[in-house]
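The values are calculated or read from the model by the stated rules, or taken from the named source; none is laboratory data. Just so you know, these numbers come straight off a predicted model, no measurement behind them. We place every Cβ from the backbone using ideal geometry, glycine too, and count neighbours over all the protein chains shown. Ligands, DNA and RNA are excluded from the accessible area calculation, which covers all protein heavy atoms including side chains. Shrake-Rupley method; radii C 1.70, N 1.55, O 1.52, S 1.80 Å.
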Amino acid sequence: MEKLAILTIAHKPDDVRLYYKITKSLNDLFKIVLITKRKSQIFIHKNDNYKYYILSKFFFIKSIHLIYKERIKTIICVEPWTLLLGVLLKYFLKLKIYYDCHEYYAEAFQERFYLPYNLSRKLYFFFETFLIRLVDGVITVNDDQKVMFSPFNKNIIRCANYPVIDQFEEIPNETKKCYDLIYTGGLSLSRGLDILFDALSILKQENIFIKVILIGHFINKEDKEFFMKKQSEEPSMINMIESIPHEQVYTYLKKTKIGLCLLNPKSNRYTKALPLKLLEYLSVGLPVITNNFPIIKDVVKKTGSGLCINYSSVELANSIKIILFDKKEQKKMSQNGINEVILNRRWETEKIKLREFLKNG
């Protein structure tokens, strides 16, 4: 069986897209080797057609050695920097190279390294698209990315980052809802934590006490310190679980009444993406409170599966009350969300496109 490597510097071996979707969708076609810089404390795999290497030092040099040693024939690169290595290997070792782009890297670079006239973004985008011209194919997660990269590579598909439904259908529905609100994923003030705590204070003044659970890791130390301070003030309202296997997240989702997915619109790249966590909430019947970005409204508002609001603690507090206290509307939103994901937004349909794309080269 031919070997395929997934090359990443930013993702863990148990990354949802790379492991639960791409790897599990392809490991009857290829022997998968994931090479990464980041480790996971909780990841255990039991599959003979999959293994991973964590290279914390000399990543690029050791990756070249591993790819040669494992006799890899195809590589999926996940970031522009790993794509640079992939392009070099394509011409020196005659490998097939694909780019799986599920982030807006140029805009993220602009946020970290500001230059006037958007020069940071433009320079990074030039670097990214120059490499894209040289690869065998590009996999994107939405139509915006597909249109953006199509002028640079004609062999391109949209393989949306939808949730894996089949894997979690056997998890029983919880009859008891232990939490009112849940947030999963990377934790930071720019991802709704700042206005969440303010919203809880507003509700508390109205003698409404809700129980919140956060599942994820903090993106930076300062945000974690902020959270610890807030949690010490309201220990009975805020719970946190920092690291659990992804499949266990669904168990907590089914114990909760509302899913929260709010991103600060000051970050322009947030306004272009349909967050995976949002679709995971809908897939298990959680009404959602989320942003009023066009790409999100097209799912949530259109289907009546939640409320789309401005990035405001007052609007968040009001939305929590609307959903919690209107049981009829809550049930309607829940079923609308399930129907939307089951019928239109499940990974099982995207998997077919991915497999054909790689089989046909």
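Of note:
- Share of pairwise Cα separations in segment 147-300, more than 24 Å, in percent: 39
- Coarse-grained scattering of segment 101-141 at q = 0.24 Å⁻¹, given as base-10 log I(q)/I(0) from a Debye sum over alpha-carbon atoms: -0.80
- Evaluating kT/(6 pi eta Rh) at 20 °C and 1.002 mPa s, with the Kirkwood radius of segment 238-334 over Cα pairs in the Stokes-Einstein relation, gives 154 µm² s⁻¹.
- When the helices of the chain are scored as -39500 (n - 2.57) per DSSP H run of n ≥ 4 and the total is divided over every residue, the value at 222 nm lands at -12500 deg cm²/dmol.
- Pairs of alpha carbons in segment 94-199 separated by more than 17 Å make up 70% of all such pairs.
- Karplus 3J(HN,Hα) series, Hz, for segment 270-281 with 6.51 cos²θ - 1.76 cosθ + 1.60 (x for Gly, Pro): 5, 6, 9, 10, 9, x, 4, 4, 4, 6, 5, 4
- Average Cα contact separation per residue, the chain, under 8 Å, 6 or more apart, as relative contact order %: 14
- Our coupling estimate for segment 348-359, obtained by passing each phi through the Karplus curve with A = 6.51, B = -1.76, C = 1.60 and θ = phi - 60°, is 4, 7, 5, 4, 4, 5, 4, 4, 5, 4, 6, 5 Hz, Gly and Pro reported as x.
- Here the mean projected area of the convex hull built on the C-alpha positions of segment 294-339 is 3.2 nm².
- Carbon and sulfur %, accessible surface of the chain computed with the full protein complex present, 1.4 Å: 54
- Computed from Cα atoms alone, the Kirkwood hydrodynamic radius reported for segment 261-312 is 10.9 Å.
- Vicinal HN-Hα couplings computed from phi for segment 60-72 (Karplus, 6.51 cos²θ - 1.76 cosθ + 1.60; Hz; Gly/Pro x): 5, 5, 5, 5, 4, 4, 5, 5, 5, 5, 7, 6, 5
- In nm, spacing of pseudo-spin labels at residue 302 and residue 29 (7 Å Cα→C-beta vector): 2.7
- For the chain: accessible area per residue (Å², 1.4 Å): 48
- Cα Rg, Dmax (largest Cα-Cα span) when computed across segment 1-129, Å: 15.4, 51
- Directionally averaged projected area (segment 244-283, Cα convex hull): 3.4 nm².
- Here the chain yields Rg over Rh of 0.97, to two decimals, using C-alpha coordinates and the Kirkwood radius.
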